[in-house]
Amino acid sequence: MSTAGIFISIMAALVVGAMSPGPSFVVVSRIAISRSRLDGLAAAVGMGVGGVVFAGLALAGLTALLSEFEWLYILLKVAGGAYLVYIAVNIWKGAARPLEVSNAVRDRRAPARSFLTALLTQLSNPKTIIVYASLFAALLPRSVPLDLIVALPLGVFAVEAGWYSIVALVFSARHPRRLYLHAKGWIDRVAGAVMGGLGLRLILSGLSLR
């Protein structure tokens, strides 16, 4: 397979993976709908940066370290799950508080916080690096050309940030936001429950490896 064919195959698989529902989707959609479009796009960039970190680690072969030291992989899964549960608790606790959208938009620090929240959410699931490593191992040649080493992180960023930018633009539109403001309590509790469930699942899956 040509270099271009390998790149396209990996990107196609990553697009399907990025579009599957998970904690990243919950975080970006909620940030976009409850804060501002700029916050949502900042969160999308955070997801892209997180994807690049994992892709870089996979290309560097650090997944072998996680395979050799299983306790480290377990620790990362439990810690990541705990972080998702922490986010879930905060969302649930804030469900009853009214939202002042205008204040959120004027806060210049909000996009940076949204970026960091999304980045940490992306990095909270070490299973992602295994997915990247599996794809790379299955599709990359034994000797990876330099152009692929450069192109893959850029492609990963484009896929992750691109998809979540679409999510942010859709959920920050006027109609979704109006629906959110009318049903904030229920929506936040559902989002918190989903996020908490994903976090607990990650913790339990890590502990089951012991």
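The values are calculated or read from the model by the stated rules, or taken from the named source; none is laboratory data. Please read all numbers here as calculations on a predicted model, not as lab measurements. So basically every Cβ, Gly included, is an ideal-geometry build from the backbone, and we count neighbours across all protein chains shown. These area figures cover heavy atoms from the full protein model, side chains too; ligands, DNA and RNA do not enter into them. Shrake-Rupley method; radii C 1.70, N 1.55, O 1.52, S 1.80 Å.
Values computed for the structure shown
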| read-out | value |
| --- | --- |
| Test: residue in the stretch 58-65 that is modelled with pLDDT of 85 or more and open to solvent by less than 60 Å² (accessible area, probe 1.4 Å) | no |
| The lone exception for TRP71 - which of (1) touching a helix residue (DSSP H, G or I) at 6+ places or on another chain (Cβ under 9 Å); (2) in a helix (DSSP H, G or I); (3) not charged (D, E, K, R) it fails | (1) |
| Selection count where residues are of a type in the set (A, V, I, L, M), closer than 17 Å to GLN122 by Cα and open to solvent by 30 Å² or more (accessible area, probe 1.4 Å), scope the stretch 168-202 | 3 |
| Hey, SER165 open to solvent by less than 50 Å² (accessible area, probe 1.4 Å) and assigned to a helix (DSSP H, G or I) or not | yes |
| Filtered residues of the stretch 1-45 (kept if without any contact (Cβ under 8 Å) to a residue 40 or more places away in the chain and within 26 Å of GLY80 (Cα to Cα)) | VAL16, SER20, PRO21 |
| Matching residues in the stretch 134-155 - criterion: being open to solvent by 20 Å² or more (accessible area, probe 1.4 Å), of a type in the set (A, V, I, L, M, F, W, C) and assigned to a helix (DSSP H, G or I) | LEU135, ALA137, ALA138, LEU139, LEU146, ILE149, VAL150, ALA151, LEU154 |
| Counted residues, the stretch 1-35 - those being open to solvent by 50 Å² or more (accessible area, probe 1.4 Å), part of a helix (DSSP H, G or I) and not charged (D, E, K, R) | 9 |
| Scan of the stretch 71-107 for residues that are among the polar types (S, T, N, Q) and at pLDDT 70 or above, ordered by number | ASN90 |
